[in-house]
Amino acid sequence: MKSKETSRDDQKKDFLRYVCQTSSEPMGVVVDRAEGCWITDRSGRKYLDFISGIGVVNLGHAHPAVVKAVAEQAARYLHVMVYGEYIQEPQVRLAKRLAQVVPPPLSVTYFTNSGTEANEGALKTAKKYMQRKKLVAFKGGFHGDSQGSLSVTGREVYRKPFRPLLPDVTFIPFNRLNALKAIDRRTAAVIIEPIQGEGGVNLPYDEFLPALRQRCDETGALLIFDEVMTGMGRTGRLFASQHWNVVPDILVLAKALGGGMPLGAFISRPEIMKTLSENPPLSHVTTFGGHPVCCAAGLAALDFLLENKLPERAERLGRYLMDRLNKLSDIGGVKDVRGKGLLIGFELKTAILTERFVTNCRDAGLILGWTLHSNTVIRLAPPLIITEQELDQGLEIMRKALWKATDQ
Ligand SMILES: Cc1ncc(COP(=O)(O)O)c(C=O)c1O
């Protein structure tokens, strides 16, 4: 035990010394293994995971169906060629399966390694296809940290240090109908998360996305839905935009798409996607995008998700969780509870209370965190396979943590 403890401390030290740090206070759990909704650290301590690696492990950690698919594909072949040249069965099967489940007429998939790369590809495709330059995005939106995605991310504090970024981006407020006037005939594309995740789990009014679709149709601008966080069943539908029956021109996925492996995608109509193969050919290429092991994992995850009706489960458990979270309001300090399915924003009254609450939860063995753009909104996004008993366990920790935080 002693030597394991020492090696845990050494690992922490090496992590801080050799791995580039992105914050002054990393969560610092020294992961030993993870299974289902639980992460075990090197000292054998178990944590209940209410954020799923930030919306990635919708099937829980190391789901057996995904692990099997990974092992089988890894034994067949790993990387054999850059994207788009050879015919690799897992890639073709996943693209065909996606075409069956995304709303028509979307049917052609380009695979990437991550969400930000998928957004880069979507934006480039829209500009090239439309032969227009202007992009419209939303305040409070988040689309990733590469320079194109950052250019359409709606928070100045993150854009400022990296200027110059893409020119000709107009930001408008989320949920403001009269702001849609900014979309005009110069606009190549509008990019939006149907539910803003990092912005603080902001839901659109029922009329907002249909009105946005209409404005794009009037002006010819392409509509890009970034469903990196909201996709793959998390909100109670396979894609969040299905709650409002709005079909984008380009659908962007990542996070849960790979079942825990790095995989992103943008999906559109054949005539739009064709633009990447001409004038010039090879307009957008990637070495690792659509890696066969990741696609095999993605296919296994998608099949399991649909066969086991996990979107419906997310909807049912989301209602259960929101109902119980609302009851925590009696303790005090709670400003709002909102969400769809198992993507829930639990908003407290102050940033200091939020920080204490999250820390208390972690000390008691529950992992959750606030959102990038809002330090008072805690995002709850447990694996969709979570049980009611596990939710209750988490809720009990949250109840005690909130009592303590309001007293501190
Ligand atoms: C809505 C949304 N888009 C894009 C991204 C970027 O994805 P990645 O971190 O895989 O590049 C994220 C990541 O949190 C996201 O939430």
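Please treat every number below as a calculation from the coordinates, not as lab data. Quick caveat, the model's predicted, so the values are computed rather than measured. As a convention, Cβ positions derive from the backbone with ideal geometry for all residues, glycine included, and neighbour counts pool all protein chains shown.
Brief remarks follow.
- Between LEU106, GLN131, GLN408, the Cα set farthest toward the positive side of the dipole of the chain (charges on each charged residue's Cβ, about the Cα centre) is that of GLN131.
- Exposed loop positions in the chain were taken to be GluC sites (Glu not before Pro) whose DSSP state is not H, G, I, E or B and which have at most 12 other beta-carbon atoms within 10 angstrom. Between these positions, the longest stretch is 279-408.
- Our helix-only sum for the chain, with -39,500 (n - 2.57) per DSSP H run of n ≥ 4 divided by its residues, gives a mean residue ellipticity at 222 nm of -12000 deg cm²/dmol.
- Spin-label model distance (nm) - VAL92 vs ALA71, 7 Å beyond Cα toward Cβ: 2.7
- Net dipole in debye of the stretch 182-305 [+1 Lys, Arg Cβ; -1 Asp, Glu Cβ; about Cα centre; nearest 20]: 160
- Difference of contour (0.36 nm per residue) and Cα-Cα distance, ASP303 to GLU278: 5.6 nm
- Each part gets one Cα centre, and for the stretch 231-269 versus the stretch 274-311 those centres are 12 Å apart.
- Summary of the geometry: the stretch 66-94 and the stretch 350-393, compared by the centres of their Cα atoms, lie 36 Å apart.
- Normalised by 2.2 N^0.38 Å, with N the number of residues, the alpha-carbon radius of gyration of the stretch 116-178 equals 1.08.
- Ratio of Rg to Rh over the chain (Cα coordinates, Kirkwood Rh, two decimals): 0.97
- Excluding same-chain neighbours fewer than eight residues apart, the lysines reachable from LYS404 by a Cα-Cα span under 23 Å are LYS46, LYS327, LYS335, LYS349.
- Taking 0.36 nm per residue of sequence separation and removing the Cα-Cα distance, the ASP145/ARG186 pair yields an extension gain of 12.2 nm.
- Assigned charges on the beta-carbon of Lys, Arg, Asp, Glu; the chain dipole about Cα centre (debye): 560
- Each of HIS79, HIS63 was scored by other Cβ atoms within 10 Å of its Cβ. Listed from fewest to most, they are HIS79, HIS63.
- By the combined test of axial Cα extent (at least 15 Å) and Kyte-Doolittle hydropathy (mean at least -1.0), the qualifying DSSP H helices of the chain come to 64-76, 89-101, 115-130, 208-219, 292-307, 310-328, 351-363, 388-407.
- Hydrodynamic radius of the stretch 163-239 by the Kirkwood approach over all distinct alpha-carbon pairs: 13.5 Å.
- Extension gain (nm, one decimal) between CYS20 and THR287, 0.36 nm per residue minus Cα-Cα: 93.7 nm
- Set of aspartates and glutamates near LYS400 by C-alpha distance (under 20 Å), chain-local residues within fewer than 8 positions excluded: ASP49, ASP323, ASP330, ASP336, GLU347, GLU355, ASP363, GLU388, GLU390, ASP392
- Calculated FRET value between ALA211 and ASP363, using beta carbons and R₀ = 45 Å, to 0.05: 0.50
- The stretch 229-342: radius of gyration and largest Cα-Cα distance (Dmax), Å: 18.3, 62
- Across all Cα atoms of the stretch 310-386, the radius of gyration (one decimal) and Dmax (whole number) stand at 12.2, 35 Å.
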